[in-house]
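What follows draws every value from the coordinates through simple rules; no lab data is involved. Being a predicted model, the structure only gives us computed values, none of them experimental. We place every Cβ from the backbone using ideal geometry, glycine too, and count neighbours over all the protein chains shown.
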Amino acid sequence: MERASIAVAGEILERWGDSVSYKVFAGPGNNGGDALAVSRLLAKSGCRVSVYLFNTKGKLSPDCEANRERLKECHSVNFVEVTSSFAPPVLNAGDVVIDGLFGTGVTRPLSGGFACVVKYINASDATVVSIDVPSGLMCEDNENNVLDHIVKADYTFTFQYPKLAFLFPENEQFVGKWKVLDIKLLEPQTEEFTTPYCFTEQSSIASLLRERPRFAHKGTAGNAVLVAGKKGMVGAAVLASRACLRSGVGKVTVHTQECNVVPLQISVPEAVLNIEEDCTCFSKSFPMQGFNALAIGPGIGKDSVTAQAMIEQIKLSANIPIVLDADAINILGEHRGWILQLPQGCILTPHKKELFGLIGSSVNSFDQLCKTRELCMRQHIYIVIKGAFSAVVTPDGSVCFNPTGNPGMATAGSGDVLTGVILALLAQGYDPESAVMLGVYLHGLAGDIAAESRGVEGLIASDIVESLPEAFIRLREKK
């Protein structure tokens, strides 16, 4: 607890120092003990601190009680122990509220007086800092929670690991900006603490990246085929094929229509074209001899003839790795039975709306994740739930959240780029799990590199493609 409090106090002092007034709300458990210890450390640093300890049942956790006694020795602190009625302090816009009411142990919605305190904090204009978890937020599933009874923090300083709820978009309003503080906890050593969830680390991804052989040539660097771009959607084919080429593939063939030939040959002269004549959309499957990996979906549309050609192409390609994106996933959503025909190890990269076609509706992100895990385990496939902290769900039900990427990547064509990256890695011989983990990380890293010079508002999908070489360089430097 002392290590945790030193870490939190350090973060607070670094941001606000002793120039603001701190109002600390502490609960009766260990989260409250953290808050009391932080208060003591802030006071010793010359800060103005007022503390309100809620002890309405006359029972504190041992560590909370110990920190209460230590805090009483700091005479500069305005300390109030609330045992019955509570006269709330005025919270001004320049104040920093430290929320230490409840931590990770919350299993039911806050109610009564504590709910009122939370509403009072949320109604103020003060900056709110939560210790470990915003009070009232459950760490996984908040379906049955009362959202008005959760502290809306501007910052959350959490201990050792991110909490699963932090990675769901609907909880951003409560968590705010969060940071993991290393307080030197021991790693769990027993199977009792296993979890299907992990947060990808740079070192583990860098170890997946292969060295390119000195005697490599285009014939040994993989031959990929991409089905993309109906009439009016050739941009999807351009972005995916360029991303594929920028990710190390030896050769990429784009299966597309005659109307797309000129823009593709101008935009991607390195690509080979497999041309369907006298049509405006993907309508005929083709032989797969010589190809090492297949991607289908970006910009192909959902015409009935395209849907039939797609499922036939998947059957013809069952012996090579496949990645499905965009309209290919939308087609599966409209023909749910076809999901049973996907070969094992197939990779799907839906955004949220496309995912709903596969799993049906969900009440929140946790429910969505559970249903996605069930589908992946049942069909032995990989699904990437795209978004902030993109989740890679594997056939064994594991979920790896990706740390790279930024809001600027919420732009048309970004998903087409990811398809191209994963396709290139599959064609080069990476196994599906390595390809999808590495591809998602590199895609996000390229977006971060692009944002360094372009900013998030000005970032477009082409910028991500052009930043892929630098992403590979930076990741390789971490091996």
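Some notes on this structure:
- The alpha carbon convex hull volume per residue for the range 1-92 rounds to 83 Å³.
- Cross-link table Lys218/Lys386; Lys184/Lys371; Lys315/Lys478; Lys230/Lys315; Lys251/Lys478; Lys179/Lys478, entries beyond 29 Å C-alpha to C-alpha: Lys218/Lys386; Lys184/Lys371; Lys315/Lys478
- Compared with the dominant principal axis of the Cα atoms in the chain, helix 112-123 is inclined by about 70°.
- Between 0 and 90°, nearest 10: helix 62-72 axis offset from the chain longest Cα axis: 60 degrees
- FRET efficiency, Ile266 to Met288 (Cβ-Cβ, R0 35 Å, nearest 0.05): 0.80
- Cα-based helix-to-principal-axis angle, 365-379 vs the chain, degrees rounded to 10: 40 degrees
- Nearest-0.05 FRET efficiency for Asp396 and Leu340, computed from C-beta distance (R0 25 Å): 0.85
- The range 171-186 and the range 240-299: distance between their alpha carbon centers, rounded to Å: 44 Å
- All alpha carbon pair distances within the chain were sorted into 20 Å bins beginning at 0; the resulting P(r) in whole percents reads 23, 44, 25, 8, 0.
- Length-normalised contact order for the range 202-477 - Cα pairs under 8 Å, 6+ apart - percent: 20 percent
- Distance in nm between pseudo-label sites at Lys72 and Asn92 (7 Å out along the Cβ direction from Cα): 3.1 nm
- Note: relative contact order over the chain, using C-alpha pairs below 8 Å and six or more positions apart, is 11 percent.
- By DSSP, the beta bridges lying fully in the chain are antiparallel in about 10 percent of cases.
- Mean separation of Cα pairs under 8 Å and 6 or more residues apart, divided by the residue count, gives the range 1-131 a relative contact order of 29 percent.
- Each part gets one Cα centre, and for the range 402-476 versus the range 129-150 those centres are 32 Å apart.
- Reach of Lys163 by Cα under 15 Å, taken over aspartates and glutamates that are not fewer than 8 positions away in the same chain: Asp132, Glu140, Asp141, Glu172, Asp182
- For the range 146-196, applying the loop criterion from DSSP together with a ceiling of 12 other beta carbons within 10 Å to the trypsin sites (Lys or Arg not before Pro) yields Lys184.
- Simple spin-label estimate for Ala123 and Arg212 in nanometres, 7 Å along Cα-Cβ: 6.3 nm
- Between the alpha-carbon centres of the range 309-379 and the range 204-237 there is a gap of 22 Å.
- Cβ-defined net charge surrounding Gly408, 12 Å radius [Lys, Arg +1; Asp, Glu -1]: -3
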